[in-house]
Amino acid sequence: PLGLVRFDGIPPVYRSVPRTPGTLVVEYPFFGSRSVQFHAHYMLNSTEHWQPIVNGYSGFQPPSFYGNAAGLQTFPGDEAFTRMRQLGVTHIVVNGGQMPDGTLETLATRTDLEQLDAFGAIVLFRIR
């Protein structure tokens, strides 16, 4: 059977992503190559703001995807933040309901993040 999900529109939190040059977004959870199909939701969501996303945009996985996936898997750890800074990431969207318990609480204590918006368990942060 084909699993279908009702589409109720793009969550409004994506409207708060700045539409300025230099904005680069990463969305979590960041799936590795075996689950890359789950990035499709992020690609759809990005049509609300049209800014580049580290998660990709076409389903094609260039060699850089594997390095990024490995470095970003440690989120919310410091290694992931180091990788995000190397990439130039300015904003993070976290789907809290799909992350381990306590992730959003951990992020709230980071002084290098500013929460810009939230919709349910989806939270938008700016990296300071």
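Where only protein heavy atoms count, and the probe is 1.4 Å, what is the accessible area per residue for the chain in Å²?
Working: 7370 Å² over 128 residues.
Value for the chain: 58 Å² per residue.
At 1.4 Å probe size, with the rest of the protein present, what percent of the exposed accessible area of the chain is carbon and sulfur atoms?
Reported share for carbon and sulfur atoms: 57 percent.
Of (1) 20, 18, 16; (2) 28, 16, 12; (3) 35, 13, 11, which one was derived for semi-axes √(5λ) of the Cα gyration tensor in Å from the structure shown?
(1)
Considering only protein heavy atoms, what is the solvent-accessible area of Arg126 at a probe of 1.4 Å, reported in Å² to the nearest 10?
90
By per-residue mean of other Cβ atoms within 10 Å, what is the highest-first order of 96-105, 22-31?
Put in order of decreasing packing, that is 22-31, 96-105.
Give, in whole angstrom and from largest to smallest, the semi-axes √(5λ) of the equivalent ellipsoid of segment 1-66, with λ running over the eigenvalues of the Cα gyration tensor.
Working: eigenvalues 83, 68, 14 Å².
The three semi-axes for segment 1-66 are 20, 18, 8 Å.
When a/c reaches 1.5 or more, the comparison of a/b and b/c decides; with that in mind, is segment 58-128 rounded, prolate or oblate per its Cα gyration tensor? List each step's numbers first, then the result.
Values: a/c = 1.73, a/b = 1.49, b/c = 1.17.
Since a/c reaches 1.5 and a/b is larger than b/c, the shape of segment 58-128 is classed as prolate.
The values are calculated or read from the model by the stated rules, or taken from the named source; none is laboratory data. Bear in mind that the values here come from a model prediction, so they are computed numbers and not experimental data. With ideal geometry, Cβ positions are generated from the backbone for all residues, glycine too; neighbour counts draw on all protein chains shown. Surface accessibility is based on the protein's heavy atoms, side chains included, excluding ligands, DNA and RNA. Shrake-Rupley method; radii C 1.70, N 1.55, O 1.52, S 1.80 Å.
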